[in-house]
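Novice: Can you read through this structure? Questions will come right after.
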Amino acid sequence: MGVCHADKNTDELSLCYANRSAALFYQGLYQACLEDIRRSLEAGYPSHLQDKLQTRQTACQNQLRKAEKPNIPHTDHQLSPCQKTVNSTGHLSDGVSVYFSSDKGRHMLVMENKPAGEVVLEDEAYCSVLIPANIFNTGTNKAVETFGTEDRHCHHCLSQSLSFVPCPKCSYARYCGESCQKDAWDQWHQWECPVGADLLAIGVLGHLALRVVLKAGQTEVQMGIKNTKDHVTTYKNDSPVQLSLGGDCGKSLDHTDCFHGSSYMGIYSLLPHVAQHSPASRFLMAITMAVIYGKLQGGPPPNKWMSFKDEGVKASWQPEMSMLGATALRHMMQLRCNAQAITAVRVKEESGMAVQSSSEIRIATAIFPVLSLLNHSCSPNTSISFTTGFQPDPHNQLGCSEGHFDHPKGSRSGVTVTVRASKDLTAGQEILHCYGPHRSRMEVKERQRLLLEQYFFQCVCQACQRDLSEGSPNAKEHTAPGMKCVKCGKPLQSHTDGYTCSWSSCGHQISSADVQNRLQGFQLLLDEAVHLMEQDRLNEALHILQSAFSQANSILTETHPFQGELADALARLYASTGEWSLAASHLKRSLVAIQAQFGEDSIELGRQLFKLAQLHFNGDGVASLSVIPRARRLLSLHCSPRCEELQELSEMEHCLQGLL
């Protein structure tokens, strides 16, 4: 924070860099330490103090030389500045093709069998915008705390860093190195910087829409407009048509039935759904862009939007500015349906907790040209994972024959999405992605409402059809998942008015309101216990958790989601006191509920098995060997081979096998 807020090229800034280099040195981040020493000297570090920096510099170089020798780990690779020797992305794997039909629009099919876990496509974000640390919730009139993304992630490639380089003109934007700083400045930040406060006020989607059009430039936008005008539809039937890769598809309305890969045309060709937006929404978006339009008019035109009357004489850029504003408005309408949340797993920083709580949270919003072509399912057959930062030597997981697009070095975003088959796919099957509302987390009516409000379609996926048929007035009573009779323990049957015991000799009934009150009471107990655990008041927390466990067992089976949360909390508590066996037994109990809710091949189950392997490793050790293979298999279906969980599983297995 000191580096970002210090005046540029001052003793204050040089001292901040020098002090940070000391912290990085003691963290073992020697390459990052050397970079900060260099920056400190360039900023004018006082000459009479430079001996300290030179001593630290020599110590770093010695440590790095040692790290080059075999069997000596070096931990600095994840936090060094960007290395832009990266393969281009925007790939479809072999056997994946893009098709068009009038009912589905553009969509993707596998043309050959794909096993679960295989990569089916990779795409690079055209642009992304970090989510600010405080987002104002209009429903509660309160600021909602998020991950603190702008303090932990590069504002260009989203990689995490401890040694940011700030924007030379503002204290908000910061980057993992000079390379990202320069690229962001050249592409958009020199025009965003003066209106940064306004961009924070208008929200992420408006900011992202402007960033897309600034990066694209006048030539790309004009090409998009021309292609829109030049193409007309000539479809005679509803049969699907395989699309060509870019270029002139020959039969197109608004150029939406062509496949453009990860180029800007892939963004421009997405449907803006103008008619589906409410008048109020269209008005608000137009006003938003008009405000930014007015702010930008006061400065010089962006390089990619500059016109010249004569050589070296700058013309008025009013026509170009109008095009820029109108195109940004188009992108803002497109983003309503096509923006993609970039997520990361957050581990809550609780001192003394051996098993910490974690959750997947949103750190940024991005637009992916190829990913946007996937249709939705509430029970998808794919999973996605994100890679941030420019990897020095990425492994190419795809044998690509389609969708291979090169990017100039400075135009890359550093944010990549990988889509894997989460189930075995058969030839001819559509590749489906979840837009957010998932069957395992949300009731069908709520899913249908949200998808219609945000994405303007009535979902007819197999999961929705099945859930709606079960809940229709003509449907018979069905077993309520995770619920049992408080009198006899038999499963409960749900109906419109509440629940009835499935055993005819019992026939006990309970209202929906009573069930909801009980569940809310259980949740309050769990929340209170977790709060006490965070304050290290473990005995009080244990008493409350045991009470909640006893009450919940009277009405909830072991497959109910709350039983999973409760067992996980008990595992964390016992692990914090070193009672590994008890912790593992409770975590095992949570697996039943998680598998029932999310499925036997879910990433949620994989992450829980990963935690169980950690507990066994800390306890008797050898028991981890029976858990690691299953955890690895599930995580491999959803995550990159380079993800931290898979790396740690391999390290645990290697360590334990060496002891046998």
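The values are calculated or read from the model by the stated rules, or taken from the named source; none is laboratory data. Small disclaimer: the values here were computed from a predicted structure and weren't measured. Here the Cβ is made from the backbone with ideal geometry for all residues, glycine too, and neighbour counts use every protein chain on show. In case anyone asks, the SASA skips ligands and DNA or RNA and just uses the protein heavy atoms, side chains included. Shrake-Rupley method; radii C 1.70, N 1.55, O 1.52, S 1.80 Å.
Novice: Checking Arg632 against (1) open to solvent by 60 Å² or more (accessible area, probe 1.4 Å); (2) touching a Pro at 6+ places or on another chain (Cβ under 8 Å): exactly one of these is not met. Which one?
Specialist: Here Arg632 clears every test but (2).
Novice: Do we find that Ser97 is more than 20 Å from Thr387 (Cα to Cα) and part of a strand (DSSP E or B) in this structure? Don't jump to the end; show me each part of the working.
Specialist: Numbers: more than 20 Å from Thr387 (Cα to Cα): yes; part of a strand (DSSP E or B): yes.
Yes; evaluated as a whole, the condition is true for this residue.
Novice: Could you grab me the full set of residues in the range 635-658 that are free of Cβ contacts under 8 Å to residues at least 24 places away in the same chain, farther than 21 Å from Leu587 by Cβ and surrounded by 16 or more Cβ atoms within 10 Å (Cβ to Cβ)?
Specialist: Residues satisfying the conditions do not exist here.
Novice: Residues of the range 483-506 being modelled with pLDDT under 85, out of contact with any Ser or Thr (no Cβ under 7 Å at 6 or more places or on another chain) and open to solvent by less than 50 Å² (accessible area, probe 1.4 Å), which ones?
Specialist: If the condition is that a residue be modelled with pLDDT under 85, out of contact with any Ser or Thr (no Cβ under 7 Å at 6 or more places or on another chain) and open to solvent by less than 50 Å² (accessible area, probe 1.4 Å), then Ser494 is the only one that fits.
Novice: Can you pull out the residues in the range 434-454 that are buried (at least 20 other Cβ atoms within 10 Å of the Cβ) and either more than 16 Å from Arg466 (Cα to Cα) or of a type in the set (Ser, Thr, Tyr) (or both)?
Specialist: Scanning the range 434-454 gives Cys434, Tyr435, Leu451.
Yes or no, residue by residue, for (1) β-branched (Val, Ile, Thr); (2) over 20 Å from Ser576 (Cβ atoms); (3) modelled with pLDDT of 90 or more:
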site: Ser602; (1), (2), (3): no, yes, yes
site: Arg607; (1), (2), (3): no, no, yes
site: Lys611; (1), (2), (3): no, no, yes
site: Gln614; (1), (2), (3): no, no, yes
site: Val622; (1), (2), (3): yes, yes, no
site: Pro629; (1), (2), (3): no, yes, yes
site: Leu634; (1), (2), (3): no, yes, yes
site: Cys639; (1), (2), (3): no, yes, no
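Novice: If you don't mind, another one. When you go through (1) closer than 30 Å to Pro380 by Cα; (2) surrounded by fewer than 18 Cβ atoms within 10 Å (Cβ to Cβ); (3) among the polar types (S, T, N, Q) one by one for Thr577, which number turns out not to apply?
Specialist: So the condition that Thr577 fails would be (1).
Conditions tested, residue by residue: (1) out of contact with any strand residue (DSSP E or B) (no Cβ under 7 Å at 6 or more places or on another chain); (2) at pLDDT 90 or above.
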residue: Val419; (1), (2): no, yes
residue: Phe456; (1), (2): yes, yes
residue: Pro473; (1), (2): yes, no
residue: Lys476; (1), (2): yes, no
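Novice: Determine which member of the set Cys180, Cys157, Cys176 is buried (at least 23 other Cβ atoms within 10 Å of the Cβ), more than 27 Å from Thr327 (Cα to Cα) and in contact (Cβ under 8 Å) with a residue 12 or more places away in the chain.
Specialist: Cys176
Novice: Could I ask something else about it? If you check Gln276, Gln297, which single one turns out to be polar (S, T, N, Q), at pLDDT 85 or above and open to solvent by 20 Å² or more (accessible area, probe 1.4 Å)? Give the derivation first.
Specialist: On the way: Gln297 fails: at pLDDT 85 or above.
Answer to the check: Gln276.
Novice: Determine the pairs where a residue that is at positive phi, located within the range 574-599, has a partner that is open to solvent by 20 Å² or more (accessible area, probe 1.4 Å) and assigned to a helix (DSSP H, G or I) with Cβ atoms under 9 Å apart, the partner being 6 or more residues away or on another chain.
Specialist: Taking only residues 6 or more apart or on different chains, the pairs are Gly578/Asn618.
Novice: In the range 602-621, how many are open to solvent by 60 Å² or more (accessible area, probe 1.4 Å) and not aromatic (Phe, Trp, Tyr)? Please lay out each step first, then the result.
Specialist: Going through the range 602-621, the residues open to solvent by 60 Å² or more (accessible area, probe 1.4 Å) turn out to be 607, 617-618, 620.
Checking the rest, the ones that are also not aromatic (Phe, Trp, Tyr) come to 607, 618, 620.
Residues in the range 602-621 being open to solvent by 60 Å² or more (accessible area, probe 1.4 Å) and not aromatic (Phe, Trp, Tyr): 3 in total.
Novice: Restricting the range 199-253 to residues that are of a type in the set (D, E, K, R) and modelled with pLDDT of 90 or more, which is most open to solvent (accessible area, probe 1.4 Å)? So that I can check it myself, show each step before the final result.
Specialist: Our first condition is that a residue be of a type in the set (D, E, K, R); within the range 199-253, this holds for 211, 215, 220, 226, 229-230, 236, 238, 248, 251.
With the extra rule that they be modelled with pLDDT of 90 or more, the set shrinks to 211, 215, 220.
Numbers: Arg211: 17, Lys215: 15, Glu220: 73 Å².
Looking at the filtered set, the residue picked out is Glu220.
Novice: Determine the pairs where a residue that is modelled with pLDDT of 50 or more and assigned to a strand (DSSP E or B), located within the range 376-404, has a partner that is among the aromatic types (Phe, Trp, Tyr) and crowded, with 20+ Cβ neighbours inside 10 Å with Cβ atoms under 9 Å apart, the partner being 6 or more residues away or on another chain.
Specialist: Short answer, once both residue conditions are applied: His376/Tyr435.
Novice: Given the conditions (1) under 30 Å from Gln493 (Cα atoms); (2) among the small types (Gly, Ala, Ser); (3) touching a Leu at 6+ places or on another chain (Cβ under 9 Å), and given that Ser550 satisfies all but one, which numbered condition is not satisfied?
Specialist: All conditions pass for Ser550, except number (3).
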